[in-house]
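Colleague: If you scroll down you'll find the structure; I have some questions about it.
The values are calculated or read from the model by the stated rules, or taken from the named source; none is laboratory data. Values in this document were obtained by computation on a predicted structure and should not be read as measured data. Cβ placement follows ideal geometry from the backbone for every residue including glycine, while neighbour counts extend to all protein chains displayed.
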Amino acid sequence: MEKERCACCAKKTERNEEERKNLIRRLNRIEGQIRGIRGMIENDAYCTDVLVQSAAASAAIHAFNKDLIANHIRGCVARDIREGKDEVIDELVHTLQKLML
């Protein structure tokens, strides 16, 4: 019996090199921010200072998500709608609802 694949593993998005580099650049900055926060905790930094850095990292993740969702709508969603795959609208709504928590 073949193992079922989850929906997130079955689909792929082909990105152009510029989009890929921009997303990876953002993720690298976020990763650096998180490492910095960990270092602050390890060095017993003042809570307010840690919270400010945490808020900055959170804002960076939100900015990443906004770019990614915009690219998704312009690319994947528009393509699927043109191809008559209207179920992509429900998928988009579900994704947006998760992001708005």
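Colleague: Only one of (1) touching a Phe, Trp or Tyr at 6+ places or on another chain (Cβ under 7 Å); (2) not in a helix (DSSP H, G or I) is not met by Glu14, so which one is it?
Modeller: If we test Glu14 against (1) touching a Phe, Trp or Tyr at 6+ places or on another chain (Cβ under 7 Å); (2) not in a helix (DSSP H, G or I), just (1) comes out false.
Colleague: Being aliphatic (A, V, I, L, M) and surrounded by 15 or more Cβ atoms within 10 Å (Cβ to Cβ) is true for just one of Ile24, Ile37, Ile41. Which residue is that?
Modeller: One residue alone meets the criteria, Ile37.
Colleague: For the stretch 45-91, which positions are small (Gly, Ala, Ser) and part of a helix (DSSP H, G or I)?
Modeller: Within the stretch 45-91, Ser54, Ala55, Ala56, Ala57, Ser58, Ala59, Ala60, Ala63, Ala70, Gly75, Ala78 meet the criteria.
Colleague: Within the stretch 63-93, restricting attention to residues that are within 30 Å of Gly32 (Cα to Cα) and exposed (fewer than 11 other Cβ atoms within 10 Å of the Cβ), which residue is farthest from the chain's Cα centre (by Cα)?
Modeller: Here the residue is Arg74.
Colleague: Tell me, yes or no, whether the stretch 39-62 has at least one residue that is within 14 Å of the chain's Cα centre (by Cα), modelled with pLDDT under 95 and of a type in the set (A, V, I, L, M, F, W, C).
Modeller: No, because not a single residue in the stretch 39-62 is within 14 Å of the chain's Cα centre (by Cα), modelled with pLDDT under 95 and of a type in the set (A, V, I, L, M, F, W, C).
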